[in-house]
Amino acid sequence: MSTIIKDIEVIKTKSTKIHDVDFDDLKFGSVFSDHMLVCDYKDGKWHAPKIMPYQPLTLDPSAKIFHYGQSVFEGMKAYKDDNGSVWLFRPEDNARRLNISAERLAIPELPEGYFMDGLKALLELDKDWIPQKDGSSLYIRPFIFASGNGFHASPADEYKFIICTAPSGSYFSGEVKVLIEETYSRSADGGVGFAKAGGNYAGQFYPTQLAKKKGYQQVIWTDDHEHEYIEEAGAMNIFVRINDTLITGPTSDRILDGITRKSIIQLAESENITVEVRKLTVTEVVEAAKNGTLKEMFGAGTAAVVSPIAAFGYKGIDYDLPKIDNPYADYLKKRITDIQTNKAEDPFGWRFKVI
Ligand SMILES: *Cc1c(COP(=O)(O)O)cnc(C)c1O
């Protein structure tokens, strides 16, 4: 059966998979909701999105995604509050950033309306898949990739924009031990580090595997010139607290402009926490660890929101972070998740009501 919601054709699944899912024991991003949104670019334009049952794709082996890696994505979450209302967090920023990433990968600009209306229609249809339990959410993965064929090393002439969703439990990974990277780089000036491009992740896996073999869970990326400036924590932005000042690097070609990062900056400033957006050297962090002024380090990103760092390794030495009372990490995480889940006022206008 096919119906039209706001110009979006909807083909509903014949049998829901929702009864196979244990909503009390959800992992992160490993089961997928009944439907997905698919939007095709061909003949020089994006065509109206369709919603269809979640299913495998058929692609030609010469599809350019396999050879030249034209692919960009986003990560977002939808929350259901106690009254059953459904909320997103700053979704227009994700729509905008997807196009910023797309431009850098020579992928044609997607109309933001297709992103927003398509996502709303998908969430309305699969609203029963949005978990209500504390800490859980519906993880949303919008992405675009080159589906056009041919070995010619040039941008594809066909693309697919897809949104699929996955009911997910909380992403809490425990306190992590990280290694400050001295050899490999995630990104470089003039490169694609600011884009949410799949290839950036591919390039991170190997150095992260090496760090894991040495007993660390994650890598702290440093600048590609001198490995002296602290840039990101794995696939998250990074914050360092020295005394009572919160420091994070300025966004650049090399540092992704995270929505969690900018929300933390705004929230902390509104709470009179001093925030410095400036370059931060490894030397300064090591000195602060030695003289006891280093209080906290944490990653910031949609999946975990805030991910505290317990220790870091640098040049063969491990430095433990102190256990402190009332860390900024816990406070900021709670403030942000309370806004996201409609448990607290939203003075910033970040929350977006879907249903
Ligand atoms: C997605 C991502 C982030 C976090 O961005 P959010 O918008 O907060 O989810 C940070 N760094 C990298 C490299 C990323 O890919």
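Among GLU296, GLU175, the order by Cβ neighbours within 10 angstrom, fewest to most, reads GLU175, GLU296. Which angle between 0 and 90 degrees, to the nearest 10, do you get for helix 259-270 versus the longest principal axis of the chain when only C-alpha atoms count? Roughly 50 degrees between the two axes. Counting Lys and Arg as +1 and Asp and Glu as -1 over every other residue whose Cβ lies under 10 Å from the Cβ of SER252, the net charge comes to -3.
Compared with the dominant Cα axis of the chain, that is its longest principal axis, helix 328-340 is turned about 20°. Taking the empirical scaling 2.2 N^0.38 Å for compact globular proteins as reference, the range 56-101 has a Cα radius of gyration ratio of 1.72. Counting other Cβ atoms within 10 Å as a rough exposure proxy, the listed residues LYS353, LYS12 run LYS353, LYS12 from fewest neighbours to most. Of the candidates ILE247, ILE11, ILE336, which one comes out as most mobile in a Gaussian network treatment of the chain with C-alpha springs shorter than 10 Å? Fluctuation is largest for ILE11.
For the chain, what is the relative contact order in percent, using Cα pairs closer than 8 Å and at least 6 residues apart in sequence?
Value for the chain: 18 percent.
Computed with the Debye formula from one identical point scatterer per Cα of the chain, without solvent, the log10 of I(q)/I(0) at q = 0.12, 0.16 Å⁻¹ comes to -0.93, -1.48. Taken over the C-alpha atoms, the range 285-329 has Rg and Dmax values of 11.4, 33 angstrom. With both labels modelled 7 Å from their Cα along Cα-to-Cβ, the TYR54 to LYS14 distance reads 1.9 nm.
The equivalent ellipsoid that matches the C-alpha gyration tensor of the range 161-282 spans semi-axes of 22, 20, 17 angstrom, in descending order. Expressed in Å, the radius of gyration and Dmax of the Cα atoms of the range 224-304 are 12.3, 36. Distances between every pair of Cα atoms in the range 111-203, grouped in 5 Å steps from 0 to the bin holding the largest one, split as 2, 9, 12, 14, 17, 16, 13, 10, 5, 1 percent. Applying 1/(1 + (r/R0)^6) with R0 = 30 Å to the Cβ-Cβ distance of LYS27 and ASP128 gives a FRET efficiency near 0.95.
Extent along the principal axes, Cα only, for the range 238-355: 52, 36, 25 Å, with the longest axis given first.
The relative contact order of the range 82-241, computed from alpha carbon pairs under 8 Å that lie at least 6 residues apart in sequence, is 17 percent. Among SER168, SER33, the order by Cβ neighbours within 10 angstrom, fewest to most, reads SER168, SER33.
Using a Förster distance of 45 angstrom, determine the FRET efficiency expected from the C-beta separation of THR245 and HIS47, and round it to 0.05.
Values: r = 50 Å, r/R0 = 1.11.
Calculated transfer efficiency: 0.35.
A Cα-only calculation for the range 80-130 places Rg and Dmax at 13.4, 43 Å.
Antiparallel DSSP bridges in the chain: what percent, to the nearest 5? Percentage antiparallel, nearest 5: 80.
Please report the antiparallel percentage of the DSSP beta bridges confined to the range 203-355, to the nearest 5.
Antiparallel bridges make up about 85 percent of those DSSP assigns within the range 203-355.
Annotation: the antiparallel percentage among DSSP beta bridges lying fully within the range 151-290 is about 55.
No value in this document is a laboratory result; all are computed from the given coordinates. Every value quoted in this text rests on a predicted model; they were computed, and no experiment measured them. With ideal geometry, Cβ positions are generated from the backbone for all residues, glycine too; neighbour counts draw on all protein chains shown.
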